[in-house]
1. Out of all the residues in the stretch 82-102, which are within 7 Å of the ligand (Cβ to nearest atom) and of a type in the set (Ser, Thr, Tyr)?
2. Considering the stretch 81-102 alone, what residues qualify as being of a type outside the set (A, V, I, L, M, F, W, C), surrounded by fewer than 12 Cβ atoms within 10 Å (Cβ to Cβ) and more than 14 Å from the chain's Cα centre (by Cα)?
3. Right, GLY105: more than 10 Å from the ligand (Cβ to nearest atom) and surrounded by 15 or more Cβ atoms within 10 Å (Cβ to Cβ) or not?
Amino acid sequence: MEETIFDKILAGEIPADIVYEDEAVIAFRDINPQAPTHVLVVPRTRMRSIADAPGKDIKTLGQFVQGIARTATALGLDDRGYRVVFNTGPDALQTVEYVHAHILGGRKMSWPPG
Ligand code: AMP
């Protein structure tokens, strides 16, 4: 798989505004925020998108999901709530081919999403 910008952030080769990290994930602020709080959670184990999840071990996937929840807690979003988005493939406008969860919060969301 081709190296992505998120591989470089994980390797410490380019800077990021990191808000949470643990053994399984790193979470940093999106450079083009779509909400008052907009953070990306990236697992240290590479996957192209969430569509690769069936081929991954349950521990890796579980730690990724726990990392998303722990990031939201660290951001103080638990009381008001937040949205988690996995853009997957061209119809969803996925632009970085390294799986990432968007955490969006700090404002009332609308539904359906655009
Ligand atoms: P997606 O469209 O779901 O693939 O989302 C990729 C996200 O990565 C976009 O919201 C971009 O704004 C964000 N992004 C791209 N480069 C960086 C970067 N260097 N640091 C933080 N966020 C980034």
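Each value in this text was obtained by applying a stated rule to the coordinates, not by laboratory testing. Values in this document were obtained by computation on a predicted structure and should not be read as measured data. Cβ sites come from the backbone with ideal geometry, for glycine too, and all protein chains shown count toward neighbours.
1. Passing the criteria: only THR95.
2. Initial filter on the stretch 81-102 (of a type outside the set (A, V, I, L, M, F, W, C)): 81-83, 87-91, 94-95, 97-98, 100, 102.
Now restrict to residues that are surrounded by fewer than 12 Cβ atoms within 10 Å (Cβ to Cβ): 81, 90-91, 95.
Answer for the stretch 81-102, where residues must be of a type outside the set (A, V, I, L, M, F, W, C), surrounded by fewer than 12 Cβ atoms within 10 Å (Cβ to Cβ) and more than 14 Å from the chain's Cα centre (by Cα): GLY81, PRO90, ASP91.
3. yes
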